[in-house]
Amino acid sequence: MTTGGKRVLPMKPKTKTPVLLFALAAIMASGCSTGPDRAELDRRGAIPLTELASELGLAVESTRFPEDRTLRTEDGRSFYLMADRRHYRYEGDAYEVGDQAAFLVGGELLIPQGLASRIRSHLDDSPPPQALREPDRPRLPTPAAAKNSIIMLDPGHGGKDPGAVVGKSQEKTVALSVSQAVAANLRKRGFTVHETRSTDQFIELDERVAAAARRGAGLFVSIHANAASNRKARGVEVFYPNENSPRAATAERLASRMSTRIAAVQGQPNRGAKRDPRGLRVLRGTRMPAVLVELGFMTNPEDLKLLNDAGWRTRAAAAIADEIAAEFRNP
Ligand SMILES: [Zn+2]
């Protein structure tokens, strides 16, 4: 029920309520001194990104750059925001930030009002800002130095899920064998390598995604073999996430090089890097650069011969490891 009275609450009470004072005291007592100072923010007319995100129902994601953030809508559209840059990106296109760029205070990215209203206008029915004609492209994410990198290898299938089966050959066995050779190769070079499975074991797709996040992986590489009803289909292809994001850009570049290198091991056709058309869980769910390698077609006799050959597996694994290592050397 309503009170029906005419009393209007003041918009800005002159005195703070005891609850507010208590909350402030609690925050100060907890030693939270690095966060942005509220008065300073108000003076500069900016709001913390996290506040804007919760107002708009967006998810905030960190990026490879400590100062950059991705904002993602529920249906997968994304903004890429950078401190002290004159533009931001929405769905890959560049837009001017307005009067003032986003800036960092105490590790929190702050969004000036002008930029905030531009972000809102992409999401509601008001006319969105005009895209820039590719001014200065933002830096592509630069993977960390190799010694700090953590790689999550993901051999496909396992246990009760054999993947593709042709005669006595099972995809899960090929994937595990190649993945273990990649792991050994990378460990020799000093990389930290984790595997979603190192035995013939069934692992849920979501658990593979979660494991990569838990381990803080900087790169996710899933290894599979293909199958098709057309037995003539053969060759190598590598998928990358179907999204406009820095991690997808990194993955695309790696996928392209990997596919070329693996195909060259034994003259397989190179089907190339492909944007994942199926929304594969391990590509869609991960938050780091992620690729899914299809080593060849189990349903093609020539490819299957390679997939079952120990020497080819070792050389294909070396090609994969080379390209992973190169990704960290030459960002
Ligand atoms: Zn598979």
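The values are calculated or read from the model by the stated rules, or taken from the named source; none is laboratory data. Predicted model only: the values in this text are computed from it and were never measured. Neighbour counts run over all protein chains shown; Cβ positions are idealised from the backbone, glycine included. When the accessible area is computed, the model is the full protein with side chains, heavy atoms only, and any ligands, DNA or RNA have been set aside. Shrake-Rupley method; radii C 1.70, N 1.55, O 1.52, S 1.80 Å.
Structure summary
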item: Other-chain or far-sequence residues with amide H under 5 Å of residue 105's (modelled H); result: 110
item: C-alpha center-to-center spacing [the stretch 154-200, the stretch 208-273] in angstrom; result: 14
item: Rounded to the nearest 10 Å², the accessible area of residue 260 at probe 1.4 Å; result: 70
item: Net lengthening on full extension, residue 55/residue 67 (0.36 nm per residue, minus Cα-Cα); result: 2.2 nm
item: Accessible surface, 1.4 Å probe, highest first, among residues 274, 305; result: 305, 274
item: Percent carbon-and-sulfur accessible area, the stretch 231-270, ignoring ligands, DNA and RNA, probe 1.4 Å; result: 46
item: Exposure ranking of 105, 291 by accessible area [1.4 Å probe, largest first]; result: 105, 291
item: Point-charge dipole on Cβ atoms (K/R +1, D/E -1) for the stretch 196-235, about Cα centre, debye to 20; result: 300
item: Sequence-distant residues sharing a close amide H with residue 85 (under 5 Å, placed H); result: 102
item: Solvent-accessible surface (1.4 angstrom probe) belonging to residue 257, in square angstrom, nearest 10; result: 70
item: Nearby aspartates and glutamates by direct alpha-carbon distance to residue 172 (threshold 13 angstrom, same-chain neighbours under 8 apart not counted); result: 154, 161, 200, 294
item: Listed peptides 46-52, 110-116 by packing density, highest first (mean Cβ within 10 Å); result: 110-116, 46-52
